[in-house]
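Structure, as structure tokens:
The values are calculated or read from the model by the stated rules, or taken from the named source; none is laboratory data. Only a predicted model underlies this, so the values are computations on that prediction, with no experimental measurement involved. A quick note on method: Cβ atoms are made from the backbone with ideal geometry, for glycine too, and the neighbour counts reach across all protein chains shown. Quick note on the areas: whole protein, heavy atoms, side chains included, nothing else; ligands and nucleic acids left out. Shrake-Rupley method; radii C 1.70, N 1.55, O 1.52, S 1.80 Å.
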Amino acid sequence: MIPFDYIRAESSAAAATEGCRPETQFIAGGTNLLDLMKLQIVTPARLVDVTRLDLGGVEETADGGLRIGALVRNSDLAADPRVRRDYAVLSRALLAGASGQLRNMATTGGNLLQRTRCPYFYDTAQACNKRQPGTGCAAIGGVTRNHAIFGASEHCIATHPSDMAVALRALDAAVEVETPDGARRLIPMAEFHCLPGDTPQIETALAPGDLITAVLLPPPLRGSHIYRKVRDRASYAFALVSVAAVVRIEAGSFAEVALAFGGVAHKPWRDAAVEAALVGRPADRAGFDAAADLLLAEARGQGGNEFKIPLLRRTLVAVLTEAAKGQMQ
């Protein structure tokens, strides 16, 4: 491992100020960052430890939502009674996301910032525009089983690995950030992660020194909360495809629908047109198939991952079927 300086931040303002310095990264649980440093995929000159900051609580907000501190551990968040009761899709996504040991270390803010698990990104002998801009994308034309079917570009076809982020996207969460000048801003989850385009090395809307302080959840959506993850093995593994759904059905028809998809794009994927097409429609197989047709109209495989297209169709139909059965019994 390449030597680095270690700074323990005493306040969020001090952390944000330190974070502006070149080649600096924040560290909390370190479940992804330390692996990247050992492999010399990232080589920060200094690490700013934020684990002593007062960012570890879950609080109810005035509008009936929740404010989740950036340092809340994944295991604690999944077990929180309010999350389990009102945001069950989030609890289920967290429990599907990693081993118990990792959930005990990983934090809410760090989960949002984890890097892709593309094997070409992790192999420093391979070309990767995300790791080293301008070198090319060895994944294109290579082994693509785990790669994107939505939102890819000629520069990158990697996927985002987080399960938690997919649920947060379905819940219309927002990320609270403290900037180096002491200001606070909210970034909607829809805007937090970036598509690769011409700059796959830019993964989020964060500016240098921006410190994630919390995630805000709006008042809970009523209905069925479902998180279904399809992976190569039932134990800890990243999603081939996943669906986070919050669905409310009234009088046999969809009244409210929120759907987000994981394992298929550079960011948690959501298609408002699919949700709009379902609202007001009977909760039957014809409607499920029509939604899948609309979702997958622009899906594009990369050879080895073309199986994801029918797999995502089946998974979406299964989730909508489960929601319908659960509310019409």
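Annotation for region 274-317 versus region 140-168: alpha-carbon center distance of 18 Å. The share of accessible area on the chain that comes from carbon and sulfur is 50 percent, using a 1.4 angstrom probe.
Sparse packing (at most 15 other Cβ atoms within 10 Å of the Cβ) combined with a DSSP loop state is found for the following trypsin sites (Lys or Arg not before Pro) in region 260-329: 300.
Could you state the orientation-averaged shadow area of the convex hull built on the Cα atoms of region 262-329, in nm² to one decimal? It would help to have the intermediate numbers written out before the result.
Working: hull surface 19.5 nm².
Result: a mean projected hull area of 4.9 nm².
Applying a DSSP loop filter and a limit of 13 other Cβ atoms within 10 Å to the trypsin sites (Lys or Arg not before Pro) in region 27-83 leaves 52.
When you filter the GluC sites (Glu not before Pro) in region 283-329 for DSSP loop state and at most 11 other Cβ atoms inside 10 Å of their Cβ, you are left with 298. The alpha carbons of region 180-242 stretch over 45, 35, 21 Å along the principal axes, in descending order. Normalised by the number of residues in region 116-265, the average gap of Cα pairs under 8 Å and 6 or more apart makes the relative contact order 24 percent. Within the chain, antiparallel bridges make up roughly 85 percent of the DSSP beta bridges whose residues both belong there. Heavy-atom accessible area with a 1.4 Å probe sorts 137, 20, largest first, into 20, 137.
Taking only the Cα atoms of region 95-245, how large is their convex hull per residue, in Å³? All intermediate terms of the calculation are to be shown ahead of the outcome.
Values: hull volume 20.4 nm³, N = 151.
Given the Cα convex hull of region 95-245, per-residue volume reads 135 Å³.
Between helix 308-328 and the chain, what is the angle of the helix's C-alpha long axis to the longest principal axis, kept within 0 to 90° and rounded to the nearest 10? The two axes meet at around 60 degrees. Compactness of region 182-329 is given as radius of gyration and Dmax, 17.1, 52 Å, from Cα positions.
Three semi-axes describe the equivalent ellipsoid of region 3-49; taken as square roots of 5 times the Cα gyration tensor eigenvalues and ordered largest first, they are 19, 11, 8 Å.
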